[in-house]
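K.L.:
Below: one structure in structure tokens.
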Amino acid sequence: MHLSSSLLALVPALALAAPTAESFDTTPILPDGLPYPTPEQLQQIEQAAHGTLPGLPLPTNASAVGITNLQLLAFQEHVEVAFFHQLIGNITRNTTGYTFATDLEREFALRSLSTMLAQDELHALTANNALQHFGIPAIEPCRYYFPVTNLEEAIALATTFTAHSLAALQDITERFAANGDSSLARIMTGIIGNKGAQQGAFRIYQDKYPSELPTLTTTDVDFAFTWSNSFALPNTCPNLGDIKLRIFEPLNIVTRPEARTHKIQVTWTHGPDESKESLLWVAYINQHNVPIVAPVQVVSCDGSKSTAVVVVPYDEFLMNGLTVMAVVNRRGPFANAEAVARATVYGPALFIVE
Ligand SMILES: *[C@@H]1O[C@H](CO)[C@@H](O)[C@H](O)[C@H]1NC(C)=O
Ligand SMILES: *[C@@H]1O[C@H](CO)[C@@H](O)[C@H](O)[C@H]1NC(C)=O
Ligand SMILES: *[C@@H]1O[C@H](CO)[C@@H](O)[C@H](O)[C@H]1NC(C)=O
């Protein structure tokens, strides 16, 4: 199970025994008939989302890169739909750890989350409908596991995956634009705004100012695929192999990064060739800046587990908001997030400062 890959210090006790696919029942994974709602179910989703699916006609064809983008978007949105559905269930049932100080707060949270759930369902359907329009099979949901057991952890995780979705949607948009899929690029920007508003609400709940950064951190589609897949139970994604993107080996952050330059500890499980462990660096993707590279100091190699110390150069680069971190096999310099992904051995690990 590699969900610990990216889950950072938010949820430190990740090594706990995660359930296996077999321990789950066969009830639908996603609500409201997703990924194939009936017309009546779609109408209910649109009512709950306070709006409709995009209605403008789609182009007649899309590029191969554009198809991969749509597959990734559906895959990523399914994780979010499953998460919000579970979270709403926990709050509705008054599960321990999911209660509120007042009924007013509880009611507002449920209303807000139900709207977000329905909006994310429409994002998933937007992607899957477009795939089917282009003659490509829809992406089916996996079975998921979320390493959270109370409201604070759940919102911290939601903030992290929403921040990374916002990062991924930037990469998706550029790839659409660069491959002649301009009308699909426009739809992505509409979705980005919606998720930015969701993110602001989560941040307010965490007592942070709602607008994270002037220019939100970007990422690469391979990192987005790896991160989304880290919530899927192994061998439960029917068309994982259809999505022509990479899945990297996990990287775990042990020390929660803070708003100052300091050293943090990270761990990973290395392959059979231990000699390669001495030729590693860490790259940080933050905002729209040139990726920052820092040396990796491996402090122990215990069996197949490597523990290393790296500097987070916060002060020099004002590394607020989301940072996407990866262990890479060359020193760089890296032109952008894609170049980091091409050199990645372990990652991504995500952290949010401020
Ligand atoms: C769609 O097909 C037309 C005609 O074959 C082609 O010129 C165009 O490049 C295609 N669009 C994309 C996004 O691949
Ligand atoms: C819902 O609550 C259960 C039981 O505490 C927990 O295992 C699960 O991770 C929670 N899910 C979310 C999304 O909060
Ligand atoms: C949960 O608690 C609220 C009060 O905060 C109550 O109105 C509601 O009926 C409870 N729901 C269940 C399923 O216990």
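K.L.:
Going by Cβ distance under 4.7 Å, what cysteines of the chain have no possible disulfide partner?
P.N.:
Isolated Cys, the chain: C301.
K.L.:
Another question, if that's okay. Give me a comma-separated list of calculated 3J(HN,Hα) values for the range 317-326, in order, Karplus coefficients 6.51, -1.76, 1.60 applied at θ = phi - 60°, integers in Hz, x for any Gly or Pro.
P.N.:
Whole-Hz 3J(HN,Hα) from phi for the range 317-326: 10, 6, 7, 7, x, 6, 10, 9, 10, 9.
K.L.:
Give the accessible surface of the chain per residue, rounded to a whole number of Å², with probe radius 1.4 Å and ligands, DNA and RNA excluded. If you can, show how the numbers build up before the last one.
P.N.:
Working: 15690 Å² over 354 residues.
Solvent-accessible surface per residue comes out at 44 Å².
K.L.:
What does the highest-first list of 294-300, 343-349, 331-337, 31-37 look like by mean Cβ count within 10 Å?
P.N.:
Values: 294-300: 13.7, 343-349: 24.7, 331-337: 16.3, 31-37: 18.3.
Descending mean neighbour count gives 343-349, 31-37, 331-337, 294-300.
K.L.:
Using a Gaussian network model on the chain with a 10 Å cutoff between Cα atoms, which of F225, F248, F134 fluctuates the most?
P.N.:
Largest GNM mean-square fluctuation: F134.
K.L.:
Could you size up the charge dipole of the chain around its Cα centre, putting +1 on the beta carbon of Lys and Arg and -1 on that of Asp and Glu, and report it in debye to the nearest 20?
P.N.:
Details: 19 positive and 33 negative charges, 118 e Å.
Here the size comes out at about 560 debye.
K.L.:
Using a probe of 1.4 angstrom, how much of the accessible area of the chain is carbon and sulfur, in percent?
P.N.:
Working: 8550 of 15690 Å².
So the carbon and sulfur contribution to the accessible surface is 54 percent.
K.L.:
Longer than 31 Å from Cα to Cα, which of K208/K263; K208/K305; K195/K244 are they? Say none if no pair is.
P.N.:
Over 31 Å apart, Cα to Cα: K208/K305.
K.L.:
Do the sum for the chain: with -39,500 (n - 2.57) for every DSSP H run of n ≥ 4, divided by all residues, what is the mean residue ellipticity at 222 nm, to the nearest 500 deg cm²/dmol?
P.N.:
Numbers: 8 runs with 142 residues, N = 354.
Counting only the DSSP helices, I get -13500 deg cm²/dmol.
K.L.:
Suppose accessible area is computed on protein heavy atoms with a 1.4 Å probe; arrange W268, W281 from highest to lowest. Show your work: numbers first, answer last.
P.N.:
On the way: W268 0, W281 50 Å².
Most to least solvent-accessible, the answer reads W281, W268.
K.L.:
For R111, R186, write out the residues from largest to smallest accessible area, computed with a 1.4 angstrom probe and no ligands counted.
P.N.:
Working: R111 135, R186 180 Å².
Per-residue accessible area, sorted high to low, gives R186, R111.
The values are calculated or read from the model by the stated rules, or taken from the named source; none is laboratory data. It should be emphasised that the depicted structure is a prediction, and the values quoted were computed from it without experimental measurement. Cβ atoms come from the backbone with ideal geometry, glycine included; neighbour counts cover every protein chain shown. The area values use the complete protein model at the heavy-atom level, side chains included, leaving out ligands, DNA and RNA. Shrake-Rupley method; radii C 1.70, N 1.55, O 1.52, S 1.80 Å.
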